[in-house]
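These notes are about the structure you will find just below.
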Amino acid sequence: MPNDPSGVSNGTRVIALVGPAGAGKTDLAEAMLFASGTIQRQGSTGQGSSVGDSSAEARARGGSTELNLMHFTYLGEKFAIIDAPGSIGFAADAARAIAVADLAIVVVDPDPARAALAAPALRMLDEQGIPHLIFVNRIDQAHGSIRDLLGALQPLSVSPLIARQIPIRAKDGGGDKVTGFVDLALERAYQYAPSGPSEPMPIPADLAEREASERTHLLEQLADHDDTLLEQLLMDEAPAPGTIFADLKRETSDNLGVSVLFGSATHGWGVRRLLKALRHEAPGAEATRRRLGVEAPALYAFKVSHGGTVGRLVLGRVLGGGLSEGAELRSSEGQSTRLGTMFAVQGDKTAKLAKVDDGALVAVAKLDSVKSGHWLSSGAIPPPVEANLPPRNATLAIEPADRKDDVKLSGALARVIEEDPSLALEQDKLTHELRIKGVNDEHVRATLARIKRRYGVEVTHRAPSIGYRESIRRPVTQRGRHKKQSGGHGQFGDVVIELTPLGRGEGFRFTDKISGGAVPRQYISAVEHGVRDAMATGPLGFPVVDVAVTLTDGSYHSVDSSELAFRTAGRIAMHDALAAAAPHLLEPVQRVTLTCPANATSRATSATAGRRGQMLGMAPRDGWTGWDRIDALIPESELDGLEAELRSLSQGLASYEASFDHLAECSGSQAEKVAKSRESEHA
Ligand SMILES: Nc1nc2c(ncn2[C@@H]2O[C@H](COP(=O)(O)OP(=O)(O)OP(=O)(O)O)[C@@H](O)[C@H]2O)c(=O)[nH]1
Ligand SMILES: [Mg+2]
């Protein structure tokens, strides 16, 4: 994509809006569409009138539940927006799209106490090397100082933050409010207008001194990466505006510094200044093409959507050159694929396109073999794109409310799972439960609501059964006899087994020590079958593990013995042996790795202890300043609600990953509770 001499690019630049839930990303997208003249009225998410968040789930929640795609032209420059959901449960939806954006705007709240909420977004952008700015939104509600906010944000960022504006304040009743800003690069002041562009004004006299010192600081920050500017500053020469803007552009595109601007999405304040910054400073598709290693015109599929009226659409970004409908491309899987009908996306609206520009976001129909995360290319397939997907902390056992909907439900599940990489489905081997796994409870419930709305399938759900097991304490020798005389042909099987406990995790062992043909060869495996039958449900009602059975003796009848008779004898022997062998309950214990900001660590530790957790260790989180990592073992039955508890004690920031570690003996009141609920289930 050629850049013209003004440094302005010709393709479409993609801007991702990221940051904490409720910071105002979707409203900022709306404000950008309005300020650029793309829409005639500015709606808002608060009133359910925005271009973004058009889905029923997002409207009901009052926050984004999936990414929103939009595009606009500002002063002849083309832009596309990826508006990401901030809430952790829904954030994965935009992860792949953000990874291929040219620039991200981290939208934050002005309250310094809420700065930490921006940590995950800043961290992800730094790790993936995605150029970014910070936009401090809700400046209409700002009470603290921007300096304090920057102080709280700086430790979360690898690169220095560059304050680009200082607020102009006016007394307002008891406190004061922000009524405009001084732009430090331009050295101009603006007063916010109730609607429409801010108006130029002289720099207020009482701000002159602060302006001068903040501007000097900004220039010194730039001089860290510009020796010529450094010399000019040392010589007390005033740098040319062109130098300053070129440096600011480089700071952003090379991830040397993070510019911070502020304003208000709902009032449209500071939005035009932000658009100008994008126009002059946002890197274009060419830089992203290089970052991702794209060598020929290609399409990266960042999401599959089944939500619209046009059926299955692949949402993607074009890089490395424009593409036309019908173009012959190769997929990551090596298949040759023709580009289907293409659409531009504006919220929930789509418009057909015959060809797309370099850099554009596009929705493509009839790409059935293309999945989210795949590349399509006219040349070499670029390397896989790394995206940041959260762990799945919530599981629900589900079934259709109406049995007739079984097939409909599997179809619906396949679609929502194809759309959302943070969902997964599993069938539990023991309980045969169908389980849906998602990031958190809210995420899974929103998915079930979507299934009902779109596909008309009502789903009932409950907490998944815990995989309890049982084992024994005492060795036992036991005879099992099955004898039936009913008229003609009878049934006869007779075995003696020794049942002994094994070590944890050793499973099951069956040994045949029959000598002299007490049990004929051909019936031995039937005896083992019978033993296994009895192990499926032990005396406490759960599958039996970690036992050894030795077949030592028995007898047979030349006419009446059969496989079935010996299988029954084996089952009887094992059933009685288990009951006599001091059975006990085993519960699954998960190894849990928990991460949280350090100010929440002690509360997270007590939450762990309160759930019968055993602490394994605690250390600073690798590479995350001000965060801790806790390792613990927690019984699976205690994990229910942990995710919600952690979030509530950490402003929504703490999270955990868990995986099965071992089965542990469970006794006392805990075991009684489990046995009781098992009994009532059986009743
Ligand atoms: N006062 C004020 N309210 C705002 C401003 N920007 C957004 N809001 C309100 O804040 C609420 C959340 O805004 P959204 O744009 O939905 O927030 P978001 O960042 O998209 O949130 P998620 O989609 O959940 O990540 C809405 O009620 C907005 O109307 C602002 O500048 N000032
Ligand atoms: Mg939103």
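Points to keep in mind about this one:
- Taking the criterion of being out of contact with any Lys or Arg (no Cβ under 6 Å at 6 or more places or on another chain), of a type outside the set (Val, Ile, Thr) and near ligand 1 (Cβ under 9 Å from one of its atoms), the residues of the range 57-111 that qualify are Ala58, Arg61, Gly62, Gly63, Ser64, Asn68, Ala84, Pro85, Gly86, Ser87, Phe90, Ala91.
- Any hit, the range 92-105, residues being over 26 Å from Leu299 (Cβ atoms) and either surrounded by fewer than 23 Cβ atoms within 10 Å (Cβ to Cβ) or within 15 Å of the chain's Cα centre (by Cα) (or both): no
- Of all the listed residues (Gly63, Gly86, Gly52, Gly37), the sole one being assigned by TED's automatic domain parsing to the domain that holds His267, within 14 Å of ligand 2 (Cβ to nearest atom) and either in a strand (DSSP E or B) or surrounded by fewer than 24 Cβ atoms within 10 Å (Cβ to Cβ) (or both) is Gly63.
- Restricting attention to the range 322-354, the residues that are part of a loop (DSSP other than H, G, I, E, B) and either assigned by TED's automatic domain parsing to the domain that holds Ile82 or closer than 27 Å to Val51 by Cα (or both) total 7.
- Among residues of the range 66-78, those that are assigned to a loop (DSSP other than H, G, I, E, B) and more than 11 Å from ligand 2 (Cβ to nearest atom), counted: 2
- Qualifying positions in the range 202-240 - more than 20 Å from Arg147 (Cα to Cα), among the hydrophobic types (A, V, I, L, M, F, W, C) and not in a helix (DSSP H, G or I): Met235, Ala238, Ala240
- Taking the criterion of being under 30 Å from Ala664 (Cβ atoms) and among the acidic types (Asp, Glu), the residues of the range 432-470 that qualify are Glu433, Asp441, Glu470.
- Among the residues making up the range 155-169, a single one is assigned to a loop (DSSP other than H, G, I, E, B) and closer than 13 Å to Glu211 by Cβ: Arg164.
- Some residue of the range 580-599 being of a type in the set (A, V, I, L, M), without any contact (Cβ under 8 Å) to a residue 60 or more places away in the chain and surrounded by fewer than 23 Cβ atoms within 10 Å (Cβ to Cβ): yes
- Residue list for the range 356-372, filter: crowded, with 18+ Cβ neighbours inside 10 Å and part of a loop (DSSP other than H, G, I, E, B): Asp357, Asp358, Gly359, Ala360, Leu367, Val370, Ser372
Results for (1) more than 17 Å from Phe566 (Cα to Cα); (2) out of contact with any strand residue (DSSP E or B) (no Cβ under 6 Å at 6 or more places or on another chain); (3) assigned to a helix (DSSP H, G or I); (4) at pLDDT 95 or above, shown as yes or no for each residue.
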{"site": "Gly517", "(1), (2), (3), (4)": "no, yes, no, no"}
{"site": "Val527", "(1), (2), (3), (4)": "no, no, yes, yes"}
{"site": "Val531", "(1), (2), (3), (4)": "no, no, yes, yes"}
{"site": "Met535", "(1), (2), (3), (4)": "no, no, yes, yes"}
{"site": "Thr552", "(1), (2), (3), (4)": "no, no, no, yes"}
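- Residue match in the range 188-195 (condition: in contact with a strand residue (DSSP E or B) (Cβ under 8 Å, 6 or more places away or on another chain) and touching a residue at least 24 places away in the same chain (Cβ under 8 Å)): yes
- Of the strands (runs of 3 or more DSSP E) lying entirely inside the range 380-484, those containing at least 3 residues that are free of Cβ contacts under 8 Å to residues at least 60 places away in the same chain and more than 23 Å from Asp53 (Cα to Cα) span 424-427, 434-438.
- Scanning the range 654-670 for residues that are surrounded by 21 or more Cβ atoms within 10 Å (Cβ to Cβ) and assigned to a loop (DSSP other than H, G, I, E, B) gives a single hit, Ala654.
- Summed over the range 8-34, residues that are in a loop (DSSP other than H, G, I, E, B) and touching a Gly at 6+ places or on another chain (Cβ under 7 Å) total 6.
- In the range 618-653, residue surrounded by the most Cβ atoms within 10 Å (Cβ to Cβ) [restricted to those that are closer than 20 Å to Pro597 by Cβ and among the small types (Gly, Ala, Ser)]: Ala632
- Any hit, the range 251-258, residues being under 14 Å from Gln165 (Cα atoms) and outside the structural domain of Asp358 (by TED's automatic domain parsing): yes
- Scanning the range 373-425 for residues that are among the acidic types (Asp, Glu) and buried (at least 16 other Cβ atoms within 10 Å of the Cβ) yields Asp405, Glu418, Glu419, Asp420.
- The residues on offer are Arg454, Arg435, and the sole one that is in contact with a Leu (Cβ under 9 Å, 6 or more places away or on another chain), surrounded by fewer than 19 Cβ atoms within 10 Å (Cβ to Cβ) and among the basic types (Lys, Arg) is Arg435.
- Leading residue by the ranking (farthest from the chain's Cα centre (by Cα)) among those in the range 352-398 that are modelled with pLDDT under 95 and acidic (Asp, Glu): Asp357
The values are calculated or read from the model by the stated rules, or taken from the named source; none is laboratory data. If you're wondering where the values come from, they're calculated on a predicted model, not measured in any experiment. So basically every Cβ, Gly included, is an ideal-geometry build from the backbone, and we count neighbours across all protein chains shown.
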